[in-house]
Every structure is written in C-alpha cells, then in structure tokens.
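Derivation of every value follows stated rules applied to the coordinates shown; laboratory data play no part. Keep in mind it's a predicted model, so treat the numbers as computed, not measured. Because the Cβ atoms are built from the backbone with ideal geometry, glycine has one as well, and the counts that use them run over all protein chains shown.
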Amino acid sequence: MTKIKMIGLDLDGTLLTSRKELTPYTKEILAAAIREGVIVLAATGRPYSGIPQEIQTFPGIRYALTSNGARIIDTKTGEVLIEHLLPLKSAKKALEIMEKYDTLQEIYFDGIGYADEDKLAHVGKYHHNPYMWEYVLKSRKAVPDIYKVIAETNQDMDKLQGVFADMEERREAWEELSRLEDIVLVGSLGYNIEINAAGVNKGKGLIALGELLGIHREEIMACGDGDNDIPMLKEAGLGVAMANADERTKAAADYITDSNDNEGVAKAIQRFVLGGSRVC
C-alpha cells in the first residue's frame with residue numbers, strides 16, 4: 001500500500017463524537033501520525049471560526065479546509081492558499097428562496113459565520129441535535145440583520161447555509177434551489193442545505209492542497225460520514241467512511257471504519273497509517 005502523507009478529516013459525525021468532543025485516544029493517534037510526518041487537517045463544511053479551538057491549536061495541525069473547500073488556510077501564517085467563493089449575486093438569489101421557508105440562515109465571510117440573532121435565540125427549533133446548540137451559539141456571530149451584513153460587506157462569500165425546522169420545507173427549497181445556476185448543494189446534517197459556488201467540494205480542495213504540498217492523490221486519506229464528504233472519499237487515494245455514515249457515503253468509500261462515537265477515525269489511522277500498532 002502507498003504510504004499515506006496527508007489525512008483530511010471531516011469533523012461532525014467523523015472526528016468528533018456526538019457530543020462534539022475529541023476522545024483522549026483519538027488525540028493520541030492524531031499526535032502519533034503527526035510525529036510520523038503525516039499532514040493532518042480538518043476538512044469541514046464549517047467556517048474556520050467554527051473549528052474547535054482544540055483542533056485549531058492542536059500541535060502539528062497547520063492547514064484547514066473550510067466551507068467545503070471554498071477556503072483553505074495555512075493557519076500558521078494566516079494565508080489563504082485556495083479560495084473559490086460563492087458569487088454575491090447567486091447568494092442573494094438563494095437567500096430569496098430560503099426566505100420563503102422557516103430557516104436559520106447563515107452566511108460565511110472570510111472564515112466567520114453570521115446568523116440572525118432572533119433565529120439563534122431559538123436554535124433548538126432548527127438544529128435537531130442538542131449537542132449542536134452550544135457549538136452554533138459559540139461559533140456564529142449574531143447580528144440583527146444578515147442582509148445588512150451582506151450590503152456592508154458587498155463581496156462574494158465562502159458559503160451560505162439554511163437550517164430547516166421542517167423537512168418538507170427543506171425538500172421544497174432544495175427543489176427550487178436546484179434550478180439556480182452557478183451553485184452546488186449539499187446537506188451534511190440531513191436537515192440543512194449548504195450552498196457553495198459551482199465546482200466547489202472537499203475532494204477538489206483536498207487534492208489541490210496536496211498538489212501545493214507535493215503530495216500525490218494516492219498518498220491522501222480522507223474520512224467522512226455525509227454527502228459533502230463523498231467527493232473527497234472518491235478523490236483521495238484511500239476513502240474511509242464511518243459506520244454511522246449514510247449508505248451513499250459508504251458506497252463511495254474504500255473502507256468502512258467504526259463509528260464516530262467508537263473512535264473510528266483513530267482506528268482507521270492506526271490501521272492504515274501507523275501499521276496497526278496501538279499507541280500507548
């Protein structure tokens with residue numbers, strides 16, 4: 001097997017437990033891989049501000065693929081290495097559609113997520129997982145009016161997201177949004193819709209970062225559980241799906257590991273990167 005030199009890790013449902021935590025053993029395994037010279041990074045739909053501080057400051061983690069690949073950052077220098085933004089015109093059209101429905105709308109500019117403060121006050125209505133509530137409230141900047149932020153910023157954005165209170169409304173909104181040009185839709189949580197510029201996905205981003213760092217496709221491992229992870233599981237030399245992943249995601253993977261609550265990422269890295277030896 002080709003030696004793995006880079007590992008892209010989805011966060012929610014993958015690296016993090018359902019409680020949004022890193023287990024002690026997972027931290028040991030990540031540290032061991034980094035000591036072996038492997039580049040380990042978060043490959044997430046979250047904005048950079050939404051990556052847990054524990055991961056942002058994890059010794060040896062230098063890069064972050066955020067907003068599904070729209071923004072890839074060298075966290076040591078602050079340099080944006082790769083950027084493919086959602087055109088403002090397309091974002092406004094998408095927001096007009098989502099305004100018809102009961103949604104918690106979020107806009108991401110320069111690695112920061114903004115959301116309407118009135119909707120955030122009722123976050124439990126939109127996020128079905130209670131462990132998401134604290135994360136969202138801590139990582140989103142509450143504003144009185146996201147449209148005012150858009151007007152003041154007046155620039156293309158990393159990503160747009162709508163979190164739906166009603167699944168039938170989500171289905172209808174997805175159908176409407178699918179008719180727009182220049183965008184791509186994913187829904188990693190199952191009750192949300194994430195909107196990026198057409199052509200943006202984690203797979204392209206991970207491969208592009210590898211090219212910048214002199215790492216070949218077959219030397220890249222990716223782990224994920226949701227529909228926004230499918231492109232990177234297919235593109236990477238080794239795609240690993242979690243046991244808790246949906247069936248489409250599992251079908252895209254080369255290997256299925258244990259669940260996120262049973263240290264599936266650590267077990268996969270132990271098997272394919274550290275030669276099966278357990279770290280003590």
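Cα-Cα pairs above 22 Å in the stretch 1-124: how many percent?
Of all Cα-Cα distances in the stretch 1-124, 45 percent exceed 22 Å.
Please list, in order, the residues from the stretch 235-258 whose amide nitrogen is less than 15 Å from a point placed 7 Å along the Cα→Cβ vector of residue 216.
Taking a point 7 Å out along Cα→Cβ of residue 216, the residues of the stretch 235-258 whose backbone N falls under 15 Å are 236-238.
Top mean-square fluctuation among 179, 62, 171, Gaussian network model of the chain, C-alpha springs under 10 Å?
179
Return the inverse of the average 1/r over all pairs of distinct C-alpha atoms in the chain, which is the Kirkwood hydrodynamic radius, in Å to one decimal.
18.8
Got a sec to turn the phi values of the stretch 228-238 into Karplus ³J(HN,Hα) couplings, 6.51 cos²θ - 1.76 cosθ + 1.60 with θ = phi - 60°, whole Hz, x for Gly and Pro?
6, 8, 4, x, 7, 5, 6, 6, 5, x, 9
For the stretch 64-80, what does the Karplus curve 6.51 cos²θ - 1.76 cosθ + 1.60, with θ = phi - 60°, yield as ³J(HN,Hα) per residue in whole Hz, taken in order and with x for Gly and Pro?
Each residue's phi maps through the Karplus curve to give 9, 9, 10, 6, 6, x, 5, 9, 10, 10, 8, 6, 6, 9, x, 6, 7 Hz.
Could you line up 10, 225 from fewest to most neighbouring Cβ atoms inside 10 Å?
225, 10
Give the long-range amide H neighbours of residue 183: residues separated by 5 or more places, or on another chain, with amide H under 5 Å away, using H modelled in the peptide plane at 1.01 Å from N.
Placed amide hydrogens put 198 under 5 Å from residue 183.
In a GNM of the chain with a 10 Å cut-off on Cα contacts, which of 261, 227, 182 has the highest mean-square fluctuation?
182
Calculate, in nm to one decimal, what residue 181 and residue 151 gain on full extension: separation in residues at 0.36 nm each, minus their alpha carbon distance.
8.6 nm
Based on the Cβ-Cβ distance from residue 36 to residue 80, what FRET efficiency comes out when R0 is 25 Å, to the nearest 0.05?
0.35
Can you give the calculated 222 nm mean residue ellipticity of the chain, where each DSSP H run of n ≥ 4 adds -39,500 (n - 2.57) and the sum is split over every residue, rounded to the nearest 500 deg cm²/dmol?
Mean residue ellipticity at 222 nm (helix-derived): -9000 deg cm²/dmol.
Would you kindly work out the equivalent ellipsoid of the stretch 61-163 from its C-alpha gyration tensor and give its semi-axes, the square roots of five times the eigenvalues, largest first in whole Å?
Each semi-axis is the square root of five times an eigenvalue, giving 23, 18, 12 Å.
Sorting 122, 127 on the 10 Å Cβ count, fewest up front, what's the list?
Listed from fewest to most nearby Cβ atoms, that is 122, 127.
In what order do 67, 259 fall by count of nearby beta-carbon atoms within 10 Å, going from fewest to most?
Fewest to most other Cβ atoms nearby, the residues stand as 259, 67.
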